[in-house]
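Engineer: Let me give you the structure first, and then I'll get to my questions.
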Amino acid sequence: MVPPEDFYYAAFRVKFPEGGFFCDSFIQVFKVYFKCTRERFFIIASMKKKEFSKKGFVLPEVILAAAIAGFTICGLLLMYIAGTDLIRTSRNASIATAAAQGLMEEIRNTPFPQIPDDYNLLNFLVNNIPSSVGVVYVDDSNPEFLLVTISICWRQGNRVIGEDANLNGVLDSGEDANGNGIIDSTVELVTQVANR
């Protein structure tokens, strides 16, 4: 098979007999023009082919994008749930602290000899926190100073904040994690009351 430029060259030679400067130079110009046109055609064709392949997404790209979006949304939802739980814990801790401070002021306003009898091992509920219990411990080993400890435990979702696992206000076996003989909690106030 004859390449296209040789075919046109041969056709041109038949029409114009050999010999003139014009004929040879025209054939050379035609060869260069045809070669440039052919190269331009292949360049344009390859560009169109590339443009066509970039028009849409293939299935693996869509699956990968969906997986990345899914992981991102799950992470954001987990952060939202953890944030709401922390906000609820903080709110309950503030309410429990306010209740413990109110009771501590009541104990300070009580006459010194009555404090151990009235408040030692006293259990109380915090009104604004459901499933909560508070315990007051009064250590009267020193006759001049009473060591008063108030601990408040409550249920937060599926866990208990504090050592009182069953929220009965009594230190049961297995509940005293640090072995100090009292119920400890995140909300715990300790003060000394002097004999005046």
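Engineer: Pull up all non-local amide H partners of residue 122: gap of 5 or more, or a different chain, and H-to-H distance under 5 Å with H placed in the peptide plane.
Structural biologist: 136
Engineer: Then there is this: I'd like the FRET efficiency for residue 81 and residue 144, computed as 1/(1 + (r/R0)^6) with the beta carbon distance as r and R0 of 35 Å, rounded to 0.05.
Structural biologist: Calculated value: 0.10.
Engineer: Right, next: Using a cut-off of under 14 Å, list every residue of the range 74-100 whose amide N is near the label point 7 Å from the Cα of residue 128 along the Cα-to-beta-carbon line.
Structural biologist: 88-100
Engineer: Fewest Cβ neighbours within 10 Å first, please rank 79, 104 accordingly.
Structural biologist: Ranked by crowding around the Cβ, least crowded first: 79, 104.
Engineer: Per residue, how big is the convex hull of the range 80-194 when only Cα atoms are used? Give it in Å³.
Structural biologist: Given the Cα convex hull of the range 80-194, per-residue volume reads 103 Å³.
Engineer: Now for a different question. If Lys and Arg each add +1 and Asp and Glu each add -1, what is the summed charge of the other residues whose beta carbon sits under 10 Å from the beta carbon of residue 152?
Structural biologist: In short, -2.
Rule-based calculations on the coordinates, nothing more; no lab input. It should be emphasised that the depicted structure is a prediction, and the values quoted were computed from it without experimental measurement. In this analysis, Cβ positions are derived from the backbone assuming ideal geometry, glycine residues included, and neighbour counts consider all displayed protein chains.
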